[in-house]
Structures are given as C-alpha cells and as structure tokens.
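Undergrad: Just passing along the structure, written as structure tokens.
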Amino acid sequence: MSDAYTPRRDDRFTCGLWCTAYGGREVFGREVRPALDPIENIRGLAKVGCYGFNFHDDDLVPFGAPLSERDEIVKRAKAAMRDEGIVNAMVTCNMFEHPVFKDGALTSNDVRIRAYALQKAMRAIDLGAELGAKVYVMWGGREGLEVEASKDPRESIKRYREGVEFLGHYILENNYGMRVAMEPKPNEPRGDIFLASVGHILGFIATLDRTVQPIVGVNPEIQHSRMAGLNTVHELGQALEAGKLFHLDLGAQKPTRYDQDLRFGSEDMKETFFIVHLLESTWWDGTRAFDVKPYRQDSADEVWDLVRGCIRSYLILRERAKRFDADAEIQQLLQALQVTDGELGALLKWSPQNAKALKERRFDPDDLARRRLNYQRLDQLVFELLAGVR
C-alpha cells in the first residue's frame, strides 16, 4: 500500500549494512539473531525503500579474505545492486574491531600499526570506488585513550593529520571522485576520543594540506552529539554554514548515555523535527543515512521494521516541516522577531569608518530590552503542531 509516507528513490534514504546485520551482541551478552548474509542484506534494504546502502569493508568482505573471495563477493554485490536498483552511497573502513587496533589506528604509537591502517583504508576505498561510493567516512573509534600519560595529544593530532592527508591524496590521485567525511564522537569505545565534536573537526580541517582540504568534511551523528549533551541542530548548522556537511548519520539517543543507536525519531521529537526542517529548508543534497541498531529483543525479521520505521518517521517529520513553513501564525511570529535597518546593517560590515560611526551611534539599551519576543507562544505552537492538534 502506498501513502504520503511511502519512500521514493529521490528521497535518497540509505542505511548501513552493519545496522541490520547487528546480531544483538553487547558487553553483557552474545548474539541473539543469526548472521545475515551481506548480499541478502543489500536486497533487504532495497525492498524496504532504501535508495542506497553504506558499509564497512569488513561488513561485505570478511576480514583477511583472499582476493578471489573478495572479487566474487563484489560480483555478487553488483548483481544484487542491478537487480534491486540500489546504489552504494558510502564506504568506511573498520579500524576498531580487530585487536591490532586496540590502542588506535592512525594515532597509534606503533608506526607499523599506522602503516597497516593506511593499507587497510586504501583497500576499503578501492572497494567502495568499485561499487560506486561517493563518500568515504572516517570514524576514529579507537583514536583515543584511557591512560592520559600514554599519548601526547599534540603528536596524536599530527599523526591523525598525516593519515587523513595521505588518504585524501590517494583518493585524488586515483580520480575516485570521493569526498572524505570525518565523524566526531566524544567517547566509546575509548574513554576519550580525539576530535570529539563537529567544531573539533572543522578546526582540524582548517589545518590540512590545501590540496586535500576541499574534499574533507564532516559526518555528524545525532547520537554522538547527544552523548555529549550537545545540540545536534547547531552542530549540523555549523557544518552546513561552513560548506562541510558531506554526510550525516540519523538515529536517536537519550542524552549523556552510551551510544544507543535507537530508531530515528524515537527520542526527542522537537530536536529531531528541527534537524529535518534544517536539512529540508536548506535543500541539502546529501543522502539521509540511518545509523541505527535493532533492539536486542527483536526477532530477525523485525530488523526490517527498524529501517521502515526510520524512513516513515523522517517522512512524517518532513511533512510537519512543510506545515511549519505554511502555518500563518508561526510564520508571523518568526517574521516579527526580525528587526532590519538597512543603514545600521551596513555599519556592521567592518571598515574604520563604520567602526567610528558605530562608536558615535546613540542606542537606548532599556528601550531595546523592553521588546516582546513571544517565545512562549512560539514554542507552544511548535508543540501543538508536532502533537498533531494544529
């Protein structure tokens, strides 16, 4: 059955193979669901409405598999993509699971491990390029520490930069047409992770080699922002304003908890609404990628309900965003907040003359402070719109 919340290809929803393949293993318990064949995983994502899939190298090709097995899997994946009309949108490299990366990959104190990490990453990039990926996500899951004395943070950032620049040059040299999206996270699985927020990464990007800098951006994740108690709307807004939002991961999270990867829309309806509104009102052309996990209690077939739910929730909130923009009272309140003055606005652009004029300008702070903003009414209207009574 089709309705207003049935996904279309141009909605560009994607999901990671690791999401639906998650067997429920966690610190206190082993897997509760059988392993999911990656090719069937691709087909399943297409059937529930995904435009594309995302994957770690090891999600598709088992770690350490010989070249012949790798090539056969790629052949099967391409066949499934053709059959189902699904694309590969993003590739990333698993540099956190194998014990070799127990103390970091690109920031390891061991030069042999840093070299191996680059080798593994190049092979992952090659794999993604072969399947058509346009984004390479770098999540430094093990790029951190628990023992503060173990690493000099200055040296770690230098090593991180060397690795990012190396892989950026590799992509450019091979004309892969990929962009690199660095993913921030404050902690977990490390006690502290380097480049913990969008702001950290934007600052880091500004220090990169000028040749590589244009193809390196950010991959914010809702859950990672909320783990640190940050406002995801603001993190996305900063990345968008800088022209560096190259990818994003959508999900849900209770603030300051461990990384929960809950179904998109299942927590904090208001903030999630404003995330959708921001993406849709700026006409951001990236994919809407879900990075979520089934509940440990879910049966094998319910993992597909997880993806369906994420898609439906996004489409419902997108429809609500349109209502927000069309609501006369909300828009009247928003318009009333904006005070413009062409002459005064021109003085806000720096020049010695403008500085002199501003210093001589007379303002009445008490009069400015008396202005009514109507925030209580505005926030109530947003609540009523989201609650479905407006």
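Undergrad: Kindly provide the GluC sites (Glu not before Pro) of segment 113-174 that DSSP labels as loop, not H, G, I, E or B, and whose Cβ sees at most 12 other Cβ atoms within 10 Å.
TA: Taking segment 113-174 and a limit of 12 other Cβ atoms within 10 Å, the loop GluC sites (Glu not before Pro) found are GLU146.
Undergrad: Calculated from DSSP H runs of 4 or more alone, at -39500 (n - 2.57) each and per residue, what is the 222 nm mean residue ellipticity of the chain, nearest 500?
TA: -14500 deg cm²/dmol, from helical runs alone.
Undergrad: With a Förster radius of 30 Å, plug the Cβ-Cβ distance of GLU280 and THR6 into 1/(1 + (r/R0)^6) and report the FRET value to the nearest 0.05.
TA: Values: r = 17 Å, r/R0 = 0.58.
Using R0 = 30 Å, I get an efficiency of 0.95.
Undergrad: Further question on the same structure: What FRET efficiency comes out for the pair ALA346/THR211, r = Cβ-Cβ distance, R0 = 41 Å, nearest 0.05? Can you show the working numbers first?
TA: Details: r = 38 Å, r/R0 = 0.92.
For ALA346 and THR211, the calculated efficiency is 0.65.
Undergrad: Find, among the GluC sites (Glu not before Pro) in segment 51-126, those assigned to loop by DSSP (not H, G, I, E, B) with at most 14 other beta-carbon atoms within 10 angstrom.
TA: On the way: sites: GLU69, GLU72, GLU84, GLU97; in loops: GLU97.
Taking segment 51-126 and a limit of 14 other Cβ atoms within 10 Å, the loop GluC sites (Glu not before Pro) found are GLU97.
Undergrad: Which angle from 0 to 90°, rounded to the nearest 10, does the C-alpha axis of helix 232-241 make with the longest principal axis of the chain?
TA: It works out to around 90 degrees.
Undergrad: Using alpha carbon centroids, what distance separates segment 165-200 and segment 314-390, in Å?
TA: Centre-to-centre (Cα) distance: 36 Å.
Undergrad: Cα centroid distance between segment 27-65 and segment 87-147, in Å?
TA: 18 Å
Undergrad: Still on this structure: Would you list, by chain and number, the aspartates and glutamates whose Cα falls below 18 Å from the Cα of LYS75, excluding same-chain residues fewer than 8 positions away?
TA: ASP37, GLU40, ASP57, ASP58, ASP59, ASP83, GLU84, ASP126, GLU130
Undergrad: Nearest 10 degrees is fine. How inclined is helix 328-337 to the longest principal axis of the chain, computing both from alpha carbons?
TA: The angle comes out near 70 degrees.
Undergrad: Tell me the Rg and the Dmax, in Å, that the Cα atoms of segment 50-193 produce.
TA: 15.8, 53
Undergrad: Related question: For the pairs LYS322/LYS349; LYS134/LYS293; LYS158/LYS244, flag any whose C-alpha to C-alpha distance is greater than 29 Å. Could you put the intermediate results ahead of the total?
TA: Details: LYS322/LYS349 34 Å; LYS134/LYS293 24 Å; LYS158/LYS244 21 Å.
Those over the limit are LYS322/LYS349.
Undergrad: Here's another thing I want to ask about it. Taking the Cβ of ALA124 as the centre, find all other residues whose Cβ is under 9 Å away and add up their charges (Lys, Arg: +1; Asp, Glu: -1). Could the numbers behind the result be given before it?
TA: On the way: positive: LYS120, ARG123; negative: ASP57, ASP58, ASP126.
That works out to -1.
Undergrad: Then there is this: Could you tell me what percent of the DSSP beta bridges with both partners in the chain are antiparallel, to the nearest 5?
TA: DSSP beta bridges in the chain are roughly 15 percent antiparallel.
Undergrad: Ok, one more. With r defined as the distance between the Cβ atoms of GLU155 and GLU329 and R0 fixed at 45 Å, what FRET efficiency is calculated, to the nearest 0.05?
TA: Approximately 0.20, to the nearest 0.05.
Undergrad: Here's something else I'd like to know. Quickly work out the GLU31-to-HIS169 label distance, labels modelled 7 Å from Cα along the C-beta direction, and quote it in nm with one decimal.
TA: So the label points at HIS169 and GLU31 sit 4.0 nm apart.
Undergrad: Order of MET178, MET81, MET122 from fewest to most other C-beta atoms within 10 Å?
TA: MET122, MET81, MET178
Readers should treat all values here as calculations from the given coordinates under stated rules, not as data from a laboratory. The model shown is predicted, which means the values in this text are computed figures rather than measured ones. Quick reminder, even Gly has a Cβ in these numbers, built from the backbone with ideal geometry, and neighbours come from all protein chains shown.
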